[in-house]
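Please read the structure below before turning to the comments.
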Amino acid sequence: MKFPTQNTVSFLSKPNLRGLFNGVLLVFLFYLLYQKYPNLTEISFPSPIYLLLGILCVIPNYALEIYKWQLLSAQIQERTFLQAKTEVLRGLKLGILTPFMSGDYLGRSMGFNKGQRTNAALLNFFNSITQTWTALFFGSMALILWNIELWEINTRVAGIILLMISTFSLALLLGLKVTIWKKYQTALDLPLKLKWEVIYLSLLRTLTYLLQYYFVYLAFDIQVTYMDLFIGTNLLLLAKTIGGGLNAIGDLTLRQVVSIFFFAPLGISEEKIIVATFVVWLISVFLPVFYSIFAKKHDSAV
């Protein structure tokens, strides 16, 4: 694996044309949404308590991710929780506008010695595919429970096929020997106990996402059943995983489209869906980035 050069680090770490372009694109996206939905600015949230609970879900979400990275990175070099937190937030900050979240691999690996960075990136690769597996697993459950005809395909059948794929993927993660996968398994020859721990923590992270959507939707008085919330949220996370090459702005667009596609037929206004989905995206993606910038300035002042 060829590791990015120091020039790449500088390019991703400082304001640049890519960041400016994505900022302009984000403003343009909101302009288009406002043109289509002029009542967006009139949406209010009747329950600030639920909004606060949705924001607080960020804490266990990232605590789980930081702990996962602490466990994995210990295979190369022991990390304290605070060191792991710095690397996770730096990876999030650098990966937020890069395709395939390539900046995330870079940000988490920068703190290691030059000869260890490739191994750190591989450990993060294992971390990423375990989180991908959870999206496939819960997404298959959502398709099975949804059980409608969609583009002449029965979603239950599609869900069963996806469940079989996710089961096979889990076997690969745990060490099933397959020729095409062999080179990755050699690079990720981790203890079985560690693999199970990371998978378990990834499952818990997905549950925090579900809770976050639940609280934020309640904050905007979006009334749905637990089943519909489970199905809709996991379809959203599944689509987000399939569209994994998108950057943060593409991720936002995908979330909006899937949310409207599923929840609008349930009688919920599209304006509310758009605003609530945007708020979840904002607090789960940008809030940690803002925190990392503030924390860095605070540490520098001290």
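With R₀ fixed at 22 Å, the C-beta to C-beta distance from Thr225 to Ile49 puts the FRET efficiency at about 0.55. Altogether, the Stokes-Einstein calculation at 37 °C and 0.692 mPa s, with the Kirkwood radius of the range 53-160 over Cα pairs as Rh, returns a diffusion coefficient of 210 µm²/s. Taking all protein chains as shown and a probe of 1.4 angstrom, Thr206 keeps an accessible surface of around 10 Å². Taking 0.36 nm per residue of separation and subtracting the current Cα-Cα distance, fully stretching the chain between Ala171 and Leu254 would add 26.9 nm.
Taking 0.36 nm per residue of sequence separation and subtracting the Cα-Cα distance, how much length would be gained by fully extending the chain between Asp189 and Leu204, in nm to one decimal? Fully extending the segment from Asp189 to Leu204 adds 3.0 nm.
Cross-link pairs exceeding 22 Å between alpha carbons, from the set Lys240/Lys272; Lys68/Lys193; Lys193/Lys240; Lys68/Lys93; Lys68/Lys195: Lys193/Lys240. The accessible-area ordering, largest first, of the residues Asp228, Asp189, Asp104, Asp221 stands as Asp189, Asp221, Asp228, Asp104, per a 1.4 angstrom probe. The slack in the chain from Val157 to Thr118, taken as 0.36 nm per residue of separation less the alpha-carbon distance, amounts to 10.1 nm.
Spin-label pair Leu266-Leu145: with each label point 7 Å from Cα along the Cα-Cβ axis, the two points sit 1.0 nm from one another. The calculated FRET efficiency for the pair Glu197 and Tyr291, based on their C-beta separation and a Förster distance of 30 Å, comes to about 0.70.
The values are calculated or read from the model by the stated rules, or taken from the named source; none is laboratory data. Please read these numbers as outputs of a predicted model, since none were measured by experiment. In this analysis, Cβ positions are derived from the backbone assuming ideal geometry, glycine residues included, and neighbour counts consider all displayed protein chains. Areas reflect the complete protein model, heavy atoms only, side chains present, ligands, DNA and RNA absent. Shrake-Rupley method; radii C 1.70, N 1.55, O 1.52, S 1.80 Å.
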